[in-house]
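Note sheet for the following structure.
Taken together, the values in this text are just the output of simple stated rules run on the coordinates, not laboratory data. Quick caveat: nothing in here was measured; it's all calculated off a predicted structure. Neighbour counts are summed over all protein chains in view; Cβ atoms, including those assigned to glycine, are modelled from backbone coordinates with ideal geometry.
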Ligand SMILES: NCC[C@H](CC(=O)O)[C@@H](CN)CCC(=O)O
Ligand SMILES: [Zn+2]
């Protein structure tokens, strides 16, 4: 019994301590969130998100080149729309050739042939009401119209050459609708669907909404994003999206228990997003002297990976490309 009680021998060296980590951080698991502007030459810092910028494609390509050389494997594109004057009820700028995403996809594919390109599919940056949905007159979500619109946007991105569409709207049935449209376009084997399956009505999205001008004009997202105390609903949403054909499922914010549940339920990659507020909190804590920034970035990310995440959307991606060998 005394012998079994000895633990320290198992991690008494950096190498055996490394082996205690069932899952290792590596560059290939980082997906860098990009705020893409419709103005091709724009490059402006985002106040609420340390070291993050809104960029047009002409500035984004030279910015990404050294990161790709350092081992960046994937980016996810979030549109930051040209301005409120072009927003409307159905978010028509989302997949417009005058919008931020459509013109950039072929440019990025050509500039970085090996980079895995993901596009967020959401309407909130483009709708005049700021919701990730199409609404009825009374302001409630019209699920059928939302599914139709979101799946059309996903198909547009697919036709433009994106590798993976990531619908973040949480409309019921949008995964099946997107899959069917990809099949009808003969793109079902070329374009993956990464479903934001367990997306919560979290307070941790604040900095993003400032970055992408995507805050709801009225009300909140509580009627279509999951209530933070919910756990069974997340399991139900993840199971449903997997049955509808999701190639990967995403959890956001990066809640460890929900990531762990997702890993149990899923035979495909489980992706976690360390969202803007979680990222900004690490910076704010480090600035307040609570802990060293690098230590905080590593530990919060290692917790996400320990919980089961196979890939992570992280605003710390550029730093990890330097920190990881
Ligand atoms: N749909 C895009 C914005 C959405 C938050 C929201 O619903 O407002 C998240 C991305 N899908 C924000 C992510 C973040 O905060 O980093
Ligand atoms: Zn949205």
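Tally time: how many residues in the range 59-86 are surrounded by fewer than 15 Cβ atoms within 10 Å (Cβ to Cβ) and either touching a strand residue (DSSP E or B) at 6+ places or on another chain (Cβ under 8 Å) or in a helix (DSSP H, G or I) (or both)?
Start the filter on the range 59-86 by keeping residues that are surrounded by fewer than 15 Cβ atoms within 10 Å (Cβ to Cβ), which leaves 62-63, 65-66, 69-70, 83-85.
Still in the list and also either touching a strand residue (DSSP E or B) at 6+ places or on another chain (Cβ under 8 Å) or in a helix (DSSP H, G or I) (or both): 62-63, 65-66, 69, 84-85.
Residues in the range 59-86 being surrounded by fewer than 15 Cβ atoms within 10 Å (Cβ to Cβ) and either touching a strand residue (DSSP E or B) at 6+ places or on another chain (Cβ under 8 Å) or in a helix (DSSP H, G or I) (or both): 7 in total.
Out of all the residues in the range 29-58, which are without any contact (Cβ under 8 Å) to a residue 40 or more places away in the chain, in a strand (DSSP E or B) and surrounded by 17 or more Cβ atoms within 10 Å (Cβ to Cβ)?
53, 55
If I ask for residues that are in contact (Cβ under 8 Å) with a residue 60 or more places away in the chain and either assigned to a loop (DSSP other than H, G, I, E, B) or closer than 14 Å to residue 60 by Cα (or both), which ones from the range 92-126 would you list?
98, 99, 100, 101, 103, 104, 122, 124, 125
Which residues, taken from the range 158-204, are within 15 Å of ligand 2 (Cβ to nearest atom), assigned to a helix (DSSP H, G or I) and buried (at least 24 other Cβ atoms within 10 Å of the Cβ)?
Matches in the range 158-204: 174 only.
Scan the range 296-325 residue by residue and report those that are outside any helix (DSSP H, G or I), surrounded by fewer than 20 Cβ atoms within 10 Å (Cβ to Cβ) and in contact with a helix residue (DSSP H, G or I) (Cβ under 8 Å, 6 or more places away or on another chain).
Within the range 296-325, the subset outside any helix (DSSP H, G or I) is 307-316, 324-325.
Now restrict to residues that are surrounded by fewer than 20 Cβ atoms within 10 Å (Cβ to Cβ): 310, 324-325.
Of everything in the range 296-325, those that are outside any helix (DSSP H, G or I), surrounded by fewer than 20 Cβ atoms within 10 Å (Cβ to Cβ) and in contact with a helix residue (DSSP H, G or I) (Cβ under 8 Å, 6 or more places away or on another chain) turn out to be 310, 324.
Among the numbered criteria (1) at negative phi; (2) without any contact (Cβ under 8 Å) to a residue 40 or more places away in the chain; (3) surrounded by fewer than 16 Cβ atoms within 10 Å (Cβ to Cβ), which single criterion is violated by residue 154?
(3)
Any idea which of 126, 116 is more than 13 Å from ligand 2 (Cβ to nearest atom) and either under 20 Å from residue 158 (Cα atoms) or in contact with a helix residue (DSSP H, G or I) (Cβ under 8 Å, 6 or more places away or on another chain) (or both)?
None of the others qualify; the one that does is 116.
Check whether at least one residue in the range 96-110 is farther than 26 Å from residue 68 by Cα, under 17 Å from the mean Cα position of the chain (by Cα) and within 13 Å of ligand 1 (Cβ to nearest atom), and report yes or no.
no
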